[in-house]
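Working notes, structure below.
The values are calculated or read from the model by the stated rules, or taken from the named source; none is laboratory data. As the structure is a computational prediction, the values presented were derived from the model and not from experiment. Glycine gets a Cβ as well: all are built from the backbone with ideal geometry, and neighbour counts include every protein chain shown.
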């Protein structure tokens, strides 16, 4: 059982000179990050339209006259926001760009198509191409298409189906399509050095497409491995932007050789994230007091391990008897939420348990949610992820928060009262257990296989949440805030079916 610290809201501020300096530098860093992200759209006319139910962002260089167009298609669990940096790099290079939310993703209300309706994604890509070609300042000729992961399959299939409308395709982290030596037109395959499975797949596609052909031989074919990146970070790679832009320039007849560059938007978002957390940690001592916080006792790490093993085993058994994929109307997210419910229940049973929540726990939970929203979502909505779950996703968000709460409360209860290097050691153990548990579940439960691609993000996001919570040291407050964070991610990322 843990002892919670009293929080004295009437106590005078204790901000010394070092903390004031951190606060000032943090505010300056936040301002710079916002300025840089907003400045990235200067010189670009940005509009959002809807065509045939498909939400589409259109980015057209100011003063454009008959410029070539490119459609940018996101991958599984992606969105228009995730492809914003790629789209801006191509717009900076002189292209008009359309970025749709494909079926099942983002603000697109249609479900992810089944195998029998696989051409739905292709139709979404071609719908975006039509919207782009009809926009003022955009040329009426064939367009290029860049697709990432799942979107690469849709991009290549669109090029195969409509070679008269698609002049060039760039497939980033490519999946599969029925390519040949004749279609699609000019095909460039890009894969990250740290995603070997996709590199292998790209090489297979290149062979089926007729092998490398450049120069005067048409259609052109090529493959490049982008150094130092994997499945997600390739979307923020200047080397990827440069390869893609130059490929499109030659295929679409852009008059000048583009040279996109600069600091990726994700770097400014990361600066903003760190600055918001630093600002919060600098001012938190004004209202918090941890002098009477006692360390939680109990088998915290053992509980985390037992919970992960039990949840994975139970879902693996259930998955062998029932089809879990798409249960409830979303892919991955409902099964992962149930895994967290099972793991959290066992963790609380084996490990330390908090007392009953007090009124102030809810107040501090609200404060932490605001801090995390400011750190992750406020600027993130302009860089890589939607800010709010809309439509049916809002209902899923509420349900996920309830299901995740036992796990998140077990996490913060186990960490309560740990300080300094001891806290770092405990957190490292829990990160290893959590990430290992997710990896084991992704292997054992087919419905969770996609988690393997997201594993690098899990410790980062949980670390952000715990860093924000540490000054408060109230298990229920932190548990609620972490549950809201995880529920938000589950609700906005994964596709509807």
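Being in contact with a strand residue (DSSP E or B) (Cβ under 9 Å, 6 or more places away or on another chain) and over 21 Å from residue 71 (Cβ atoms) is a property that residue 217 lacks.
For region 436-450, a residue qualifies if it is in a helix (DSSP H, G or I) and buried (at least 20 other Cβ atoms within 10 Å of the Cβ), and the qualifying residues are 437, 438, 441, 442, 447, 448.
Of all residues in region 442-467, those satisfying the criterion of being within 20 Å of residue 425 (Cα to Cα) and either in contact (Cβ under 8 Å) with a residue 24 or more places away in the chain or touching a strand residue (DSSP E or B) at 6+ places or on another chain (Cβ under 8 Å) (or both) are 456, 457, 458, 459, 461, 462, 463, 464, 465, 466, 467.
Scanning region 192-203 for residues that are in contact with a strand residue (DSSP E or B) (Cβ under 6 Å, 6 or more places away or on another chain) and outside any loop (DSSP other than H, G, I, E, B) turns up 192, 198, 199, 202. Is it fair to say residue 380 is surrounded by 23 or more Cβ atoms within 10 Å (Cβ to Cβ), in contact with a helix residue (DSSP H, G or I) (Cβ under 7 Å, 6 or more places away or on another chain) and over 21 Å from residue 442 (Cβ atoms)? When the stated conditions are applied, residue 380 does not pass them.
Yes/no matrix, rows are residues, columns are (1) touching a helix residue (DSSP H, G or I) at 6+ places or on another chain (Cβ under 8 Å); (2) at pLDDT 95 or above; (3) not assigned by TED's automatic domain parsing to the domain that holds residue 85:
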| site | (1), (2), (3) |
| --- | --- |
| 201 | no, yes, no |
| 217 | no, no, no |
| 221 | yes, yes, no |
| 237 | no, no, no |
| 252 | no, no, no |
| 257 | yes, no, no |
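Tallying residues that are buried (at least 20 other Cβ atoms within 10 Å of the Cβ) and over 22 Å from residue 378 (Cβ atoms) within region 454-493 yields 5. Return yes or no: is residue 430 crowded, with 16+ Cβ neighbours inside 10 Å and in contact with a helix residue (DSSP H, G or I) (Cβ under 8 Å, 6 or more places away or on another chain)? Yes. Residues in region 15-35 that are surrounded by 14 or more Cβ atoms within 10 Å (Cβ to Cβ) and over 23 Å from the mean Cα position of the chain (by Cα): 15, 19, 22, 23, 25, 26, 27.
Per-residue answers, yes or no, for (1) modelled with pLDDT of 95 or more; (2) within 24 Å of residue 57 (Cα to Cα):
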| residue | (1), (2) |
| --- | --- |
| 136 | no, yes |
| 141 | no, yes |
| 145 | yes, yes |
| 156 | yes, yes |
| 162 | yes, yes |
| 186 | yes, no |
| 190 | yes, yes |
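For region 356-373, a tally of residues being buried (at least 19 other Cβ atoms within 10 Å of the Cβ) and within 18 Å of the chain's Cα centre (by Cα) returns 1.
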